Amino acid sequence: MSKSIKIFLMVMLLTACTSQVKPDPKDDPVVFDDPIGDTVSGPVEIPYVWDNPINIHNVIEDETSTTYTNISMIDGLKNSSVQIKINTAIRNAIDRMISYADINNLPPFRGIKAKIKDGAVLINRYVYASVTYNSNNVLSLIIQGFLTFKNTDDTEIYLSLNDGLTFELVTGKQLHLSDIFTNEADISLLINNSLSKTFSRSNYSDEIPGTSMYYYSFTLVEPFKGIQADQAFYLGNQGLAVLFDYRTPAFDTDFATMSINVPFNDFVDSIGITERFSSNTDIYLTPIKDRQFLDLDDPFLNQSIDGVKVGEKTYKFLMRYHKDLPASLLAEMTTMKDKIKADFISYSSSHVIEEFRGDVFTEKVGSYTCLFYDLSVYSAGDYLFENDQKCFDKTNSEVNVADYFIDGFNYNNAIKNQFIKEIDKGYLAADLSLHELLLNMKVRITSTGLGITSHAYSASLSQDQFVYIMPSFSEFGISNLVVFD
């Protein structure tokens, strides 16, 4: 894969904007299509969602040094005609993206014909489809295309394109923005307010050491009158991704589709999509067995940086935490940060630091709040690695692994079986002690299952092997868990 395409892959979901703008509403309100499916009224409560038990097949159809096509197809629905309808729509979207490789069929970006000139040739073309949301009888995908053209003067022009598809799986109909929200929701107000917040945060600097970001330009060229009824979008587990490109003429996006996330938190009382099509669960060939949590919290976290100077260089310890984090948990985070700072200072006194990262952060999952820290330091073949994780329930009491399960369930045996699976797959050294792995394990809840860290000595590796596995909730049996109560 070429360097230019690797850069494209890094930027395909970025949400940057170069100017701060607010929607300028039209005199006439935007008229959205009437939602289909069941009527859903707010405010809603979403304790969890269940995973659609369909099969998703990622098929590589074309792979050369300059072209690549990966398409997602589904099966597992009882109604084969619905399945065919959805797969045909995905196929058409892939073919439409591929068609832009023809210089006579370029996407109608502003000024593209002046940049990609007569005689230009296609250098490479990569097209992908991937599932971004698959819950409660709703399926959403992103279709991506990355293309490079070379002009006769050897200048190269890059296109980075996204499109979204969202379906209900009962009849296979493609969904509109109005289907995502409750029936009475003011869709324009909710989305436009969220976009305004995102645009106002767009001019920021990344203070995290060792990272870099690449941006296309995203320029307001005429008054932005707000979201449109036919706005392209797709769903994810964190919210609604709204797409801006040649279909949104108020912005010049520099031959790229910009994806701006509208977090579920910004319309948490008006999320209609989890209930609108979920009443009919008898549409699958296999039973529904897995659940997960949506990310309903504010994604914009407080941030603080604490520096430690070693020689002429300052190493930054980053803390990121939710704005409503209770004081007791913030104090726990501070203790974590102080620990890894002290360990780093001790290590740096006898080592020349080559690479460093020190983070403490929070994550909310359902009614739980989890705290983490990671310290990674490398020095001339030697390293210091530390991590820890703690979760707290809604009363801010620390949760032990047994607290995730019903009384009497042999969770140690269930977790041991997960370690055995990893060993059998060759992901872990075969000589690891299962007893040691269970003794050293730390368990936290994630949106899709349990995150389990541990370590044990491996004679074959002549060192400890650090382990992180994340089995889904269904691996333990939903009925054996209390996390959804």
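Here is a yes/no grid of residues against (1) at pLDDT below 95; (2) surrounded by fewer than 16 Cβ atoms within 10 Å (Cβ to Cβ); (3) over 30 Å from Asp75 (Cβ atoms):
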site: Thr257; (1), (2), (3): yes, no, no
site: Thr286; (1), (2), (3): no, yes, no
site: Asp295; (1), (2), (3): yes, no, no
site: Ile305; (1), (2), (3): yes, yes, yes
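Please go through (1) modelled with pLDDT under 90; (2) over 30 Å from Tyr321 (Cβ atoms) for Ser474 and return the number of the only condition it doesn't satisfy. Just one mismatch for Ser474, condition (1).
When every residue of the range 415-431 is checked against the conditions, none turns out to be acidic (Asp, Glu), surrounded by 13 or more Cβ atoms within 10 Å (Cβ to Cβ), within 28 Å of the chain's Cα centre (by Cα) and part of a strand (DSSP E or B).
If the condition is being among the small types (Gly, Ala, Ser) and under 17 Å from Met333 (Cα atoms), then the range 355-389 contributes only Gly358.
So is Lys113 under 23 Å from Arg276 (Cβ atoms) and out of contact with any strand residue (DSSP E or B) (no Cβ under 7 Å at 6 or more places or on another chain) or not? No, not satisfied. Scanning the range 43-68 for residues that are in contact with a strand residue (DSSP E or B) (Cβ under 8 Å, 6 or more places away or on another chain), closer than 20 Å to Thr274 by Cα and assigned to a loop (DSSP other than H, G, I, E, B) yields Val44, Ile46, Tyr48, Asn52, Pro53, Ile54. Only one entry in Glu312, Glu332 is over 25 Å from the mean Cα position of the chain (by Cα), assigned by TED's automatic domain parsing to the domain that holds Phe385 and within 23 Å of Leu450 (Cα to Cα), namely Glu332. On inspection, Thr88 does not qualify as farther than 23 Å from Tyr234 by Cβ and not small (Gly, Ala, Ser).
A search for C-beta distances below 9 Å between a residue of the range 252-276 that is closer than 15 Å to Thr219 by Cβ and any residue that is assigned to a helix (DSSP H, G or I) and not polar (S, T, N, Q), counting only pairs 6+ apart in sequence or on different chains, returns Phe255/Ile112; Phe255/Lys115; Ala256/Phe8; Ala256/Val11; Ile260/Leu195; Ile260/Phe199. Close Cβ contacts (under 8 Å, 6 or more residues apart or on different chains) running from residues in the range 451-465 that are at positive phi and modelled with pLDDT of 90 or more to residues that are aromatic (Phe, Trp, Tyr) and in a loop (DSSP other than H, G, I, E, B) are absent. Inspection of the range 388-402 finds no residue satisfying the criterion of being aliphatic (A, V, I, L, M), buried (at least 16 other Cβ atoms within 10 Å of the Cβ) and either more than 30 Å from Gly236 (Cβ to Cβ) or in the same structural domain as Asn237 (by TED's automatic domain parsing) (or both). The set of residues in the range 109-142 that are part of a strand (DSSP E or B) and among the small types (Gly, Ala, Ser) comprises Ala129, Ser130, Ser135, Ser140.
Pull up the range 373-401, narrow it to residues that are of a type in the set (A, V, I, L, M, F, W, C) and in contact (Cβ under 8 Å) with a residue 60 or more places away in the chain, then point me to the one that is farthest from Gln292 (Cα to Cα).
Result: Phe385.
The number of residues in the range 339-362 being surrounded by 20 or more Cβ atoms within 10 Å (Cβ to Cβ) and in contact (Cβ under 8 Å) with a residue 60 or more places away in the chain comes to 2. Residues that are charged (D, E, K, R) and in a strand (DSSP E or B) do occur in the range 332-355, at least one of them. For the range 275-331, a residue qualifies if it is of a type in the set (Asp, Glu) and either in contact with a Pro (Cβ under 6 Å, 6 or more places away or on another chain) or not in a loop (DSSP other than H, G, I, E, B) (or both), and the qualifying residues are Glu275, Asp306. Considering Phe419, Phe405, the condition of being in contact (Cβ under 8 Å) with a residue 24 or more places away in the chain and under 30 Å from Ile46 (Cβ atoms) is satisfied by Phe405 alone. Taking (1) touching a residue at least 60 places away in the same chain (Cβ under 8 Å); (2) surrounded by 15 or more Cβ atoms within 10 Å (Cβ to Cβ); (3) part of a helix (DSSP H, G or I); (4) not β-branched (Val, Ile, Thr) in turn, Ser479 satisfies each apart from (2). Taken as a whole, the range 27-35 holds no residue that is assigned by TED's automatic domain parsing to the domain that holds Val170, modelled with pLDDT of 95 or more and surrounded by fewer than 17 Cβ atoms within 10 Å (Cβ to Cβ). Identify all residues within the range 456-468 that are surrounded by 19 or more Cβ atoms within 10 Å (Cβ to Cβ) and within 19 Å of Ser376 (Cβ to Cβ); write none if there are none. Matches in the range 456-468: Val467 only. When Thr152 is tested against the conditions (1) part of a loop (DSSP other than H, G, I, E, B); (2) of a type outside the set (Asp, Glu); (3) in contact (Cβ under 8 Å) with a residue 40 or more places away in the chain, the lone failure is (3).
The values are calculated or read from the model by the stated rules, or taken from the named source; none is laboratory data. Here the structure is a predicted model, which means the values were calculated and not measured. All Cβ positions, glycine included, derive from the backbone under ideal geometry; neighbour counts span all protein chains shown.
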